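Engineer: Here it is, the structure in full.
The values are calculated or read from the model by the stated rules, or taken from the named source; none is laboratory data. For clarity, every value in this text was computed on a predicted model and none was experimentally measured. The protein model used for the area step is the full one, side chains on, heavy atoms only, and it has no ligands, DNA or RNA in it. Shrake-Rupley method; radii C 1.70, N 1.55, O 1.52, S 1.80 Å.
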Amino acid sequence: MTTKTQLLGRYGEEQAARYLENKGYQILDRNARTAAGEVDIVATDGGTLVFVEVKTRSTNFSGHPLQAITPRKVATIRRVAAGWCATHKVTTTQVRFDAVSVLIASG
């Protein structure tokens with residue numbers, strides 16, 4: 001069963017992917033999973049491989065969406081990135097971690 005939170009997250013990831021594509025990023029993978037965990041978007045920005053975490057919220061009640069990216073989540077993203085690079089035999093030396101926040105304004 002899909003929850004309201006899952007639907008909100010999917011919507012936010014779709015909006016983030018569109019935003020990144022409009023900025024010139026090439027999306028390589030979505031919801032990339034490894035044994036270490038998951039990262040929302042893997043893309044390239046020029047010659048740089050970018051791992052993107054997307055945080056979507058419908059309100060700021062619990063704080064800004066990016067505040068949900070904890071040191072533990074950053075460590076997970078690093079492990080996922082290493083695993084993804086190994087699986088895809090990535091040889092680039094330029095890797096970056098980005099975050100996109102999506103705040104859905106109520107009408």
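Engineer: If you take just the strands (runs of 3 or more DSSP E) that sit entirely in segment 9-107, which of them hold at least 3 residues that are open to solvent by 40 Å² or more (accessible area, probe 1.4 Å) and not small (Gly, Ala, Ser)?
Structural biologist: Counting at least 3 such residues, we get 26-34, 95-103.
Engineer: Of all residues in segment 1-44, which are among the charged types (D, E, K, R) and either under 14 Å from the mean Cα position of the chain (by Cα) or modelled with pLDDT of 95 or more (or both)?
Structural biologist: Answer for segment 1-44, where residues must be among the charged types (D, E, K, R) and either under 14 Å from the mean Cα position of the chain (by Cα) or modelled with pLDDT of 95 or more (or both): Arg10, Glu13, Glu14, Arg18, Glu21, Lys23, Asp29, Arg30, Arg33, Glu38, Asp40.
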